[in-house]
Amino acid sequence: MTKRMAYVDKTNGNLVASHDDNGTIRHTAVNKNARSDIKKQKPSVIWLTGLSGAGKSTIANRVEKRLHSLGYHTYLLDGDNIRQGLNCDLGFTDNDRNENIRRIAEVSKLMADAGLIVITAAISPFLSQRQFSRELMEAEEFIEVFVDTPLEVAEQRDVKGLYKKARCGELKNFTGIDSPYEVPVNPECTIKTLEMPADQAAETVVQLLKKRRRIL
C-alpha cells in the first residue's frame, strides 16, 4: 500500500491528496474490523462544519453524550482544543488552516481505525479540506454535518469575542469576515440551528447513524 501525502495546489490553494510510492503502510495483526466488531459498532467520522459560533461544539458534545449513553465507544475532536495542543504551532493563513484540517483528518482516521465513532467539530471552511478528509476514510464512514447558522446570528453570539476582533482588524483571515466559508454542496445532514434546538439536532445525527447502519 502506498503512503498518503497531501499538498496545497498553488494554482487554487486547495488541499489535495497524493501518494508516495516509495513509502509503505505496515498492516497490524488486529485490523479495523476486529476492533470495531468487539465494540459492536461500525467506525464512523461525524464531521461537523460551520461558522465560528454556529453551535458545532454544543451539538458535538450532545451527540457524544447520547452515543455514550447508548453504550457506544466515541471520541470528540474539537477544533479549538486541538489548536491548544497538536496544532498549537499553526496560525490562520490558508496554508496553516489547510494543515490544521489535514492533521485533524488524519487523527480522525486513526481513531476510526481503532473502531471508534469519531465526532469532529471544526470550522473547516474550504470544500477542498472537507473533500480531502472524506477521501481519507472508507466508503460510508464519513458523515458531513453542516451546522447552518446565519453569519449575523453567529456574530451576535460571539462567545469568544473573535468576530469583534475581526471587525476591528485585530484578527486577520477570519472565516465569514475577511475569509470565505464555502457552504457544503451535498452534506449527509444539514442542521438549521434557528429551527432546531441542540438536543433535537444531536438526536437527528444519532438517528442518521442508525439509518446508515453505523450503529444498531
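Could you list the residues of region 157-177 with an amide nitrogen less than 14 Å from a label point located 7 Å from the Cα of F92 in the Cα-to-C-beta direction? From region 157-177, the list is 158-177. Rounded to the nearest Hz, the phi-derived 3J(HN,Hα) couplings of region 54-61 under the Karplus curve 6.51 cos²θ - 1.76 cosθ + 1.60 (θ = phi - 60°) are 6, x, 4, 5, 4, 5, 4, 4, where x marks glycine and proline. A straight chain from K164 to D113 at 0.36 nm per residue would run longer than the Cα-Cα distance by 14.4 nm.
The convex hull defined by the C-alpha atoms of region 98-198 has an orientation-averaged projected area of 7.2 nm².
The share of Cα pairs per 10 Å bin across the chain, counted from zero up to the longest distance, runs 8, 33, 36, 18, 4, 0 percent. By other beta-carbon atoms within 10 Å, ranking D96, D148 with the fewest at the front produces D96, D148. Cβ under 15 Å from K42's Cβ, K42 left aside: what net charge do those residues give with Lys, Arg +1 and Asp, Glu -1? It works out to a net charge of +4. Relative contact order for the chain: 28 percent, from Cα pairs under 8 Å spaced at least 6 residues apart, divided by residue count. Structure note, pairs K39/K210; K39/K192; K65/K164; K65/K210; K56/K192; K40/K192: Cα-Cα distances above 20 angstrom occur for K39/K192; K65/K164; K40/K192. Counting only trypsin sites (Lys or Arg not before Pro) that DSSP places in a loop and that have at most 11 other Cβ atoms within 10 Å, the longest clean stretch of the chain runs over 27-159.
Every helix of 4 or more DSSP H residues in the chain counts as -39500 (n - 2.57), and over all residues that averages to -11000 deg cm²/dmol at 222 nm.
For T204, the shell of other residues with beta-carbons less than 15 Å away shows a net charge of +2, using +1 for Lys and Arg and -1 for Asp and Glu. Rounded to whole Å, give me the distance from the Cα center of region 129-201 to that of region 80-100. Taking the Cα centre of region 80-100 as reference, the centre of region 129-201 is 16 Å away. The charge dipole of the chain, taken about the Cα centre with unit charges on the Cβ atoms of Lys, Arg (+1) and Asp, Glu (-1), comes to about 700 debye, rounded to the nearest 20. Per-residue 3J(HN,Hα) values for region 141-154, derived from phi via the Karplus relation 6.51 cos²θ - 1.76 cosθ + 1.60 with θ = phi - 60°, read 6, 8, 10, 8, 10, 8, 8, 8, 10, x, 4, 5, 6, 4 Hz in sequence order (x marks Gly and Pro). In sequence order, region 71-76 has phi-based couplings of x, 8, 9, 9, 8, 9 Hz under the Karplus curve 6.51 cos²θ - 1.76 cosθ + 1.60, θ = phi - 60°, and Gly or Pro positions carry x.
Charge tally for L51 (other residues, Cβ to Cβ under 12 Å; Lys, Arg +1; Asp, Glu -1): -3. For S44, the amide hydrogen comes within under 5 Å of the amide hydrogens of I117, V118, counting only partners 5 or more places away or on other chains and with H modelled in the peptide plane.
Note on the chain: antiparallel DSSP beta bridges, both residues inside, total approximately 25 percent of the bridges counted.
No value in this document is a laboratory result; all are computed from the given coordinates. These numbers were taken from a predicted model, which means no experiment stands behind them. Neighbour counts run over all protein chains shown; Cβ positions are idealised from the backbone, glycine included.
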